[in-house]
Every structure is written in structure tokens, then in C-alpha cells.
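Have a look at the structure below before the remarks.
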């Protein structure tokens, strides 16, 4: 009689549940470690450093994530999901929350330098980005109805402003952790004026599709 | 008697000049090919593709550039040099050229997506970035004297605006080739207002040193 068949060991269903729970815990532990390591040392840091920081063996890491790219993509997915949740909460608030949304989402992106560059088009990002665009459009419409931003803005302008914030965070890293604030402040002043129409055409929804699908090279 | 010693062959000094000229021509040919390949297919494209496009063998490529990183760094150096030349020409014009400078430099950066992310801190970029910062400060001062931008801007705001443009170009690629224009237009409206002082602190010169030295992670 093997240990597995002994009366004292858990029933197979229970064992399988426990294995699943252990696997989930390990996955969370790896992702938390990766977030901390990449934020502190940049995303070029090797997966070995992540393993060491997580306290798990390299074999365990690779059972959960085929390679570093898969790990980074999962971090990006979780970050985009948090950003979308945030946008949807602001829309649901029923307030003129465009400015606050931009601030909150930029703070969120700034919390994970290194990862942010990938969040606009990792594999499978389409569903989340579609939700993000819907929420951004709602926030812009409400701000325009409240008269707090100019009427000729389109939702793609909001997305482009976040690309801009990403550039500042990505290039400036820790030194520019707050550098996006003053830039966004100037953008919002520009958006808030009621002067003549903007002369330059916005990106189109089709452009945004290209960007999100990664075919925009 | 070998061919090299034949009376009809060039003298050693002349042969060495010709070898130098050939090497320079090959180097230019590799860089041109790399620029075209990376602009069309992204910087992740392998050095083999660059070799094929240049019509030179992989061995010749590696005689000129130790690896892809070295090639990309040289492209970045040439791009930053072109950007600095542009800034200095605008300063020398004696006109209020900040706006035109931003436009021209963004066009230039947009001509080489993929490379632009590296131009702020490749190895040895310090001399060029120092020249760039001096020129940007001059352009800002002149714009402030002309009253075309608000007085509380600092040179670092100009640099941050270019990081923002880089983010738009880098994430949006071809689809956002003109997306930075409308963003920069809004920024310049924000900069042009004479409203209350900007509430958020700018990056400091020390922050910019950290960013340029690559220690800002």
C-alpha cells in the first residue's frame, strides 16, 4: 500500500484542490516578486533574480511561466486590468472625473516602470483595451458635457495622453516619477481652453486598433 | 613576387587609405540598411536581416559592430547628434523658435521609431545631451522673452515634452506618426496661457542628470 492510498491521506479530490491552491499561491508569489524586482532594478533583470527574490526554485518559476516574456505579459495584463477597473469605477461614479482618472491611472502606471511599455499590446490585450476605450470615451463625454474640456477632443486624445505619460515614466524612470504630473497639468490647461479648434487631426479609432493589435510598426 | 609587391599596385600608404575609405563606406552602408530595416520592421529585427538588406556578409557587419546593441547605439548617437544640430541651428537663428524646434525634432525622432527610446542614455551620450540641454534652455529663454510661453517653465519641461513625444511614437509606431502633433499642440496651448503658476514641480537638473546617466531606475 503506498502512502497515497493510506486511509490517513486526503481523498484525491481534496489533494487536487490543495495542489491547485498551492499552485495559485506560488503563482502569486512569483508575480509579486517579479513586480518588486522589475520596479527596483528594471525589466532587463534576469528571471534568476526573480526566483531568488521569490524564494522559489527556478524549476517552479518555469512550471508557471514558460519564459520571462510570459511573466512580463502576465504582469502587464494585471496592470492593464487594474487600469481598466479604475476607469470603469470613475465612469460609474457619475462625476466629471476625467482629470482624476488621468491622475490615478498615471500613478498606477508609475508604480510599475518597466512593465508599462508592454501594457498596450501584449497578446490577448484586446478585450481589456476595448473596455478601457469605452470607459475613456465615457469620461471624456462627461467632461465635455460639464464644460471642463474642449469639445473637439476625441477619446483617442485621452489614450495618446497616456502614451505620453508612459514615455515620460519609461525614459525618466524613478527620476521622473512625478515628472508626468506637470506635463499632464499643461495638457489639461490646453484641453481646458475654449480657443480655436485644434489644428492637427487626432488619431482615428482605426489607428488605435492598429496600435493595440501591434500591427502599427 | 606577390601581387602586393608588384610595381603596378598602389603604395602602402595609398592602400591603407583605400582600406579606410572602404571601411567607412561599409559602415555607412550597414547603418543605412539598419535604419531602413528597423524603421520598417521594428528594432527587434535580427542583425541577419540587416546584413541581407545591406548586401554585406554577416562577418563584415560584425567587424564593424560587435553586436546589435552596438549598432543600435551608433544609430542612436547619430540621431541624437542630428537632434542637437537642429536645436543649435534654431538657437543660432536668433528667432523665437521653440515651437518650430519641438516640431522639427519630433519629426526627426518619428523618422526612426525603434531607435528613439535609446537616444536619451546610450553609452557616451553625456556630451551630446549637455549640448542639447544648453540649446533647449536658450530656446526656452527666448520664447519666454518673446512672451510666447509662460514664465514658470524650466528647460526640463522641454525635455519632458520630448519624452512624452517619444512615448507616443514608441507605442503608437506608424499609426501615431502624426499623433504627437495634436498632443504637442495641446501642450503648447497650456504653455502659452498666462494663468496661475503650474502647481506641480518640474524635474530638476539633478533629475535630468540621473535620467541621462541611466541611474534613474
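Summary table below
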quantity	calculated
Test: residue B:89 is touching a helix residue (DSSP H, G or I) at 6+ places or on another chain (Cβ under 6 Å) and either farther than 15 Å from residue B:188 by Cβ or assigned by TED's automatic domain parsing to the domain that holds residue B:185 (or both)	no
Some residue of the stretch B:184-200 being facing chain A (nearest Cβ under 7 Å), buried (at least 19 other Cβ atoms within 10 Å of the Cβ) and under 18 Å from the mean Cα position of the chain (by Cα)	no
The stretch B:160-215: number of residues that are assigned to a helix (DSSP H, G or I) and farther than 26 Å from residue B:41 by Cβ	21
Matching residues, the stretch A:171-181, being crowded, with 24+ Cβ neighbours inside 10 Å and at the interface with another protein chain (Cβ under 7 Å from one of its Cβ atoms)	A:171, A:172, A:176, A:179
Residue among B:151, B:167, B:214 that is more than 8 Å from every other protein chain (Cβ to nearest Cβ) and farther than 22 Å from residue B:90 by Cα	B:214
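The values are calculated or read from the model by the stated rules, or taken from the named source; none is laboratory data. These numbers come from a predicted model, not from an experiment. Note that each Cβ is placed from the backbone with ideal geometry, even for glycine, and that neighbours are counted across all protein chains shown.
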